[in-house]
Amino acid sequence: MSDETKTANPPGPEFEPSAERSDVPILVVVITLVLLFLGAVYFDYKSAWFNKEVYSPYTSAEQLEAAQPISGAAAAAAHGKQVYELVCGVCHNTDGQGKPNQAPPLAGSEYVLAKGHDRLIHIPLAGLSGSMSVEGKDWNLNMAPMGAALSDADLAAVLTYIRSSWGNKADEVTADDVKAVRAKLGSRPQPLTGEQLKSMPE
Amino acid sequence: MKNGFGIFLAAFVALAASWCGFVLAPEKQLGGATETAVLNSSDTYPLQRPGDAALGLQVYRANGCAACHTEQVRQDGIVASVVLVKPGKNPEAVTNLMSTLKLAGLSKEDADAAAAKIKTAGGAAEVHIAATGPDIARGWGMRQSVAVDYLYDDVVQPGNLRAGPDLANIGVREPDANWQLTHLYAPAGVVKGSPMPPFRYLFELRKIGDAPSPDALRFAAGYSLPAGYEVIPTPEAKELAAYLLSLRANAPLHSAPISP
């Protein structure tokens, strides 16, 4: 048997095939990175970076905001109305006239229309108890701190809404105003009495 | 195996990456979804489905309705129009101005500009927004479907094939339970040429007893049953109809704005 025929023999059962290591062609690396980049750009374009509010055909939060039927200051007013009807309107009524034996009116109320905001902001944050007079009429009721659970922005929107609706005309309350009063009151304020409220600076 | 650890690592990375993409990322994005506010109103959306409608979802699922029906509406854009609300003190000037303006088929910016012009002339105008797209043109909804539409559906049935129409707002299109039930019993008898198979096993055809049942289906003229017989829906059929009636994905939302 010659050497040549020996090398052509099939490998025996103990033969283990193996592959040598070799470098990945640089072109494959480049193409992979380019595809990854394009994919990321596509995601960004289509989903506003996974913003859950934004769906195609909108591609950014700004675009979605611009497409709202009501936007800007009008949207803030609409939001205030929305929160009011959900939280306050049950007792103070959706027309701000209050309800007998439930809640005094807000339309024309001297507390709502005061020049400063501070006293007004105290009421939903601390609550009220005992007798007080609104528009010359006596009310002897309790009000829970309904605004304590609202965010600064929501409460500011509500107060702005009640100060500018049903014939009321007073300037707006900002979220910073609410924040300042909330910080002053601390975490568990006692309900205010009518006298406390009356003697409080506006 | 010579490279066992390397192969394990590669397989692990591949599966972990797809798990992150298909499970973790959507969970992070939408897992905390809650009820949302209906645009410019104090209502929240969506409401829990009534009990029988929630059961009906399981009937819908069991009968494979999603094999031929989708519950997802696509949208390719919006179109704005300007609507006069109050003519103001000088209606003539406002009308003259409006006759020179384009009032429908506008972009939001153009509509806002036109509304501002009308406001300057003393009137008051509102910008109305409507969704556009092939599905909306077919009357299958007012806006596109968004994730919150499916908030209370356990096993969401979005479907991916449309042998039949989209059902995202079928409860608005056909709000009559009797229509839904007769259509399930005899689709072609209600919608001419409908290829939908009849789901008669959800109903009972029986002889009228002493008096006709108040539950019996009321068929439209032209569809007749054997004399002396009536068709009574089983509880499953009633639940399925309740579910179909509860499909009303029409509320204007922040993420899918339209004018109410």
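The values are calculated or read from the model by the stated rules, or taken from the named source; none is laboratory data. Here the structure is a predicted model, which means the values were calculated and not measured. Using ideal geometry, Cβ is built from the backbone for each residue, glycine included, and neighbour counts are taken over all protein chains shown.
Scanning the range B:40-61 for residues that are charged (D, E, K, R) and within 12 Å of chain A (Cβ to nearest Cβ) gives a single hit, B:D43. One residue is enough: does the range B:220-239 have a residue meeting the conditions under 30 Å from B:S42 (Cα atoms), at pLDDT 90 or above and assigned by TED's automatic domain parsing to the domain that holds B:P198? Yes, because at least one residue in the range B:220-239 is under 30 Å from B:S42 (Cα atoms), at pLDDT 90 or above and assigned by TED's automatic domain parsing to the domain that holds B:P198. Of the residues making up the range B:1-16, just one is exposed (fewer than 10 other Cβ atoms within 10 Å of the Cβ), hydrophobic (A, V, I, L, M, F, W, C) and within 14 Å of another protein chain (Cβ to nearest Cβ), namely B:M1. Restricting attention to the range B:222-260 and to residues that are over 18 Å from the mean Cα position of the chain (by Cα) and in a strand (DSSP E or B), the residue that is farthest from the other protein chains (Cβ to nearest Cβ) turns out to be B:Y229. Could you grab me the full set of residues in the range B:120-150 that are surrounded by fewer than 21 Cβ atoms within 10 Å (Cβ to Cβ), of a type in the set (D, E, K, R) and away from chain A (no Cβ under 12 Å)? Within the range B:120-150, B:R138 is the sole residue that qualifies. Just to be sure, is B:D52 in contact with a helix residue (DSSP H, G or I) (Cβ under 6 Å, 6 or more places away or on another chain) and crowded, with 16+ Cβ neighbours inside 10 Å? When the stated conditions are applied, B:D52 passes them. Residue check: B:G123 meets all listed conditions (1) touching an Asp or Glu at 6+ places or on another chain (Cβ under 9 Å); (2) farther than 30 Å from B:A216 by Cβ but one, namely (1).
Can you pull out every residue in the range B:83-120 that is among the small types (G, A, S) and out of contact with any helix residue (DSSP H, G or I) (no Cβ under 8 Å at 6 or more places or on another chain)?
Answer for the range B:83-120, where residues must be among the small types (G, A, S) and out of contact with any helix residue (DSSP H, G or I) (no Cβ under 8 Å at 6 or more places or on another chain): B:A93, B:S99, B:A104, B:G105, B:S107, B:A111, B:A113, B:A114, B:A115, B:A116.
Going by the structure shown, is A:D118 without any contact (Cβ under 8 Å) to a residue 12 or more places away in the chain, surrounded by fewer than 18 Cβ atoms within 10 Å (Cβ to Cβ) and farther than 23 Å from A:A74 by Cβ? Answer is no for this residue. When B:A131 is tested against the conditions (1) among the aliphatic types (A, V, I, L, M); (2) within 16 Å of the chain's Cα centre (by Cα); (3) closer than 30 Å to A:V90 by Cα; (4) assigned to a strand (DSSP E or B), the lone failure is (3). Among the conditions (1) part of a loop (DSSP other than H, G, I, E, B); (2) within 30 Å of B:R74 (Cβ to Cβ); (3) in contact with a Phe, Trp or Tyr (Cβ under 7 Å, 6 or more places away or on another chain), A:A107 misses just one, which is (2). Counting only helices (runs of 4 or more DSSP H) wholly contained in the range A:60-103, the ones carrying 2 or more residues that are crowded, with 18+ Cβ neighbours inside 10 Å and modelled with pLDDT under 85 occupy A:73-83. Given the condition under 24 Å from B:Y45 (Cβ atoms), touching a Phe, Trp or Tyr at 6+ places or on another chain (Cβ under 9 Å) and outside any loop (DSSP other than H, G, I, E, B), answer yes or no: does some residue in the range B:177-193 qualify? Scanning the range B:177-193 turns up no residue that is under 24 Å from B:Y45 (Cβ atoms), touching a Phe, Trp or Tyr at 6+ places or on another chain (Cβ under 9 Å) and outside any loop (DSSP other than H, G, I, E, B).
Note on the range B:17-39: among residues that are within 20 Å of the chain's Cα centre (by Cα) and surrounded by 14 or more Cβ atoms within 10 Å (Cβ to Cβ), the one that is farthest from the other protein chains (Cβ to nearest Cβ) is B:E35.
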